[in-house]
């Protein structure tokens, strides 16, 4: 009997235990987190703001389609695809294949709208009156940083696609009734965001301090980034006097100066001061680059976990595949392993630079190769230019993306920083604004600042046209700027590409037409938008 009593008591205890269990018993109660659960305090907002830089980095370092950097260069005036083209860039030189199902257009559309949504989440949270954990100064600083990125993303979208949907609040559920806002409405938001950012983003200390006045790393947003972007926006809008004011404000701030002397990690070695800017370890303001306005910093993932968001392909795309020549080996002095998925156009290589221009020196554009394998009988001799070798194996190429990582001699990832904005471009934006106002003497003065730095011949007012400014942008910013976007912004993609780069090439530019001044709205977006009409761009 006693035995049965124990069993009954045990059953009773179990029944009581099960009866007392509730679903809430399974609810997770984390006591710490790597990410903010809600945006209501300084740590949460700081993590969310850093995420905006991370997200932009994922766009630049996209590697699933290794020809991604080529999309923005080939089929323009500055570059052609080679035998090592990957596929995603094909419709951007063979324009007949650029349709509404294009992968690159769809990718960039989705990425920038994701960046906008992330910025909107921060903006809505920081502007919520119930948020009392941040002071007024802290709120305005975070708000300005998020608004800079929202304006940056919208400026890219409107330049590439024209009219686009305007989303100013976080999307928390599926939405299927988007319509394309007018360009004026999109511009109005961009200008409003950047005007706010100009006032509320941090300033910079003079010199090369590692921190700005608010104690944040100099890689974070500052008001001069916003001014530079606003200058570009005003140029696109045709408000050239306002663009001139913004560019002048950056130049006269006293925070930046053109590099005119050797510096940094290669100061005592071969090279020149212009090419020093693009040496790994020299690109950041904290590393001595007084010209840097915005540098998107990357770290070597072999030493900093998570230091690189993906595996950037810029070195492989821009650098020559010299190691495919018998007697050549991969080395640091040749920039590591490139694949030459693009080749500089003949116009750039043979018609762009005047004699003596430092930007065309052997340290900036590599034009000669020498056998460097000591076991080869031709060691030390110059590699001859024969046949197709010059099209990608030893084609002349910019050195701006060259870098050698001894932990990755195969050279899959590119570990250099991204020079997003620098003072050299500010002078070019200024000159463009001046040319468009008929201030050709002032424009020549602005261009001559760069030419003096480059030891290039001076120019005169009667040479100043928009085309000349775009030529000078190529001389100064080859390998840095998104050339396609610049030509689309200035309305010159078709004319310049056909005039300067439609001749002999392994993959020549074909099928380019006026409709290509804008990219196609992705068909998938149109089809998913079932409750409203999302119009396609003409011709697609």
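Tell me, 526, 190 in order of fewest to most beta-carbon neighbours within 10 Å?
526, 190
Counting each DSSP H run of 4 or more residues in the chain as -39500 (n - 2.57), what helix-only mean residue ellipticity at 222 nm follows after dividing by all residues, to the nearest 500 deg cm²/dmol?
So the helix-based figure for the chain works out to -12000 deg cm²/dmol.
I need two numbers for the range 431-523: Rg to one decimal and Dmax as a whole number, Cα atoms only, in Å.
15.3, 49
Quick check: from the Cα gyration tensor, does the range 465-511 come out rounded (a/c under 1.5), prolate or oblate?
Prolate is the answer for the range 465-511, as a/c is 1.5 or above and a/b outweighs b/c.
Count the DSSP beta bridges whose two residues both fall in the chain, then state the antiparallel fraction as a percent rounded to the nearest 5.
80
Would the range 255-370 count as rounded, prolate or oblate if I go by the C-alpha gyration tensor, calling it rounded below 1.5 in a/c and otherwise prolate when a/b exceeds b/c, oblate otherwise?
Oblate is the answer for the range 255-370, as a/c is 1.5 or above yet b/c matches or exceeds a/b.
State, to one decimal in nm, how far the label point of residue 245 lies from the label point of residue 527, with both points 7 Å from Cα in the Cβ direction.
It is 4.8 nm.
Give me the percent relative contact order of the chain, please, defined on Cα pairs under 8 angstrom at least 6 residues apart.
Over the chain, the number comes to 20 percent.
Starting with the fewest neighbours, write out 510, 329 ranked by other beta-carbon atoms found within 10 Å of each beta-carbon.
Ascending Cβ contact count within 10 Å gives the list 510, 329.
What distance in nm lies between label points placed 7 Å from Cα along the C-beta direction at residue 437 and residue 385?
Those two pseudo-labels are separated by 4.3 nm.
For helix 2-20, report the angle its Cα long axis makes with the longest principal axis of the Cα atoms of the chain; keep it between 0 and 90° and round to the nearest 10°.
50
Please work out the FRET efficiency for the pair residue 132 and residue 101, using the Cβ-Cβ distance as r and a Förster radius of 35 Å; give the result to the nearest 0.05.
That pair, residue 132 with residue 101, gives E of 0.10.
Measure nothing fancy, just the Cα-based angle from helix 136-161's long axis to the longest principal axis of the chain, in degrees from 0 to 90, nearest 10.
It is inclined by approximately 60 degrees.
Restricting everything to alpha-carbon atoms, can you work out Rg to Rh for the chain with a Kirkwood hydrodynamic radius?
The Rg/Rh ratio comes out at 1.05.
In what order do 331, 395 fall by count of nearby beta-carbon atoms within 10 Å, going from fewest to most?
331, 395
Compute the long axis of helix 240-251 from its Cα atoms, compare it with the longest principal axis of the Cα atoms of the chain, and write down the angle in degrees, 0 to 90, nearest 10.
Tilt relative to the chain: about 90 degrees.
Any read-out appearing in this document is the output of simple, stated calculations on the displayed coordinates, not a laboratory observation. No experiment lies behind these values; they were computed from the predicted model shown. Neighbour counts are summed over all protein chains in view; Cβ atoms, including those assigned to glycine, are modelled from backbone coordinates with ideal geometry.
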